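A.B. asks: Questions regarding the structure given below will be posed in turn.
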Amino acid sequence: KQDNHPLRVVWAGSPSHYADWYDIKKPLEKLMGEFDFEVIMLGSQYKGIFNKKYLPRVKALPWIPFEAHSYRMMSLQGDIGIIPLANEPFNEYKSAIKHYENMAMGIPSVVSVVGPYKDSLVEGKTGLGYKNSNEFYTKLKSMLEDRLLRDKIAKSGVEWVKENKSLEVESKKLYKYLSEQL
């Protein structure tokens, strides 16, 4: 992992996530005024929510085949992931795959405490959770300011994924489930 200057805050998602950005728009803009970091958007891009003066620090990369997604994410060497998710019924049925991916890649994340992320978030260990825009501001600011915090969460996130979501662990769960169906 290289040192990035400015830091890279990474988000990945589809067009269904536009509403998820409403709550973080203002705190993200405030932080962009206080800190020098880039926002890298993968897949969909919502440059329209940013103040024009910050647009040079907002990078958008298009969709790629899913087989290349992890490779591209690793190559970007993101410093912090953001995983906003609006508290809406639709989002209760999503998976926590983005959080698992970020943890597996050693990218500490600021995660909305909604739906699927409630089960994978262990505060200060697998990420920093937020429930509103003020908490998002505080948690992302902490990550931007504190490299040791980022490193600690990155390391413990990788360990959490190995212990809870590895192919070995998940295949045993699937085997048990399938055996009960027979």
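A.B. asks: Only one of these conditions is not met by residue 68: (1) in a helix (DSSP H, G or I); (2) in contact (Cβ under 8 Å) with a residue 12 or more places away in the chain; (3) of a type in the set (Gly, Ala, Ser). Which number is it?
C.D. replies: So residue 68 meets the others, but not (2).
A.B. asks: Please verify whether residue 99 is free of Cβ contacts under 8 Å to residues at least 40 places away in the same chain and closer than 20 Å to residue 9 by Cα, treating the condition exactly as stated. If you could, list the steps in order and put the result at the bottom.
C.D. replies: Values: free of Cβ contacts under 8 Å to residues at least 40 places away in the same chain: yes; closer than 20 Å to residue 9 by Cα: yes.
Considered against the rule, which asks whether it is free of Cβ contacts under 8 Å to residues at least 40 places away in the same chain and closer than 20 Å to residue 9 by Cα, residue 99 comes out as yes.
A.B. asks: In the stretch 3-63, which strands (runs of 3 or more DSSP E) lie fully inside it and hold 3 or more residues that are touching a residue at least 24 places away in the same chain (Cβ under 8 Å) and crowded, with 17+ Cβ neighbours inside 10 Å? Break it down into steps so the answer makes sense when it comes.
C.D. replies: Details: elements: 7-13, 37-43, 58-61.
Counting at least 3 such residues, we get 7-13, 37-43.
A.B. asks: Let me ask another. How do the helices (runs of 4 or more DSSP H) wholly within the stretch 73-182 filter down when requiring 3 or more residues that are open to solvent by 40 Å² or more (accessible area, probe 1.4 Å): which remain?
C.D. replies: Numbers: elements: 97-104, 117-120, 133-145, 147-164, 167-181.
Here the list reads 97-104, 133-145, 147-164, 167-181.
A.B. asks: Taking the condition of a type in the set (D, E, K, R) and modelled with pLDDT under 90, does residue 36 pass? Write out each step before concluding.
C.D. replies: On the way: of a type in the set (D, E, K, R): yes; modelled with pLDDT under 90: no.
The answer is no for residue 36.
A.B. asks: Could you give every pair whose Cβ atoms fall below 9 Å, whose first residue belongs to the stretch 162-182 and is within 23 Å of residue 104 (Cα to Cα), and whose second residue is open to solvent by 70 Å² or more (accessible area, probe 1.4 Å) and part of a helix (DSSP H, G or I), counting only separations of at least 6 or pairs across chains?
C.D. replies: Pairs that qualify, where the first residue is within 23 Å of residue 104 (Cα to Cα) and the partner is open to solvent by 70 Å² or more (accessible area, probe 1.4 Å) and part of a helix (DSSP H, G or I), are 169/162; 169/163.
The values are calculated or read from the model by the stated rules, or taken from the named source; none is laboratory data. Owing to the predicted nature of the structure, the values given are computational and were not obtained by experimental measurement. Every residue, glycine as well, gets a Cβ built from its backbone with ideal geometry; the counts of neighbours run over all protein chains shown. Note: accessible area is taken over every heavy atom of the protein model, side chains too, but ligands, DNA and RNA are not part of it. Shrake-Rupley method; radii C 1.70, N 1.55, O 1.52, S 1.80 Å.
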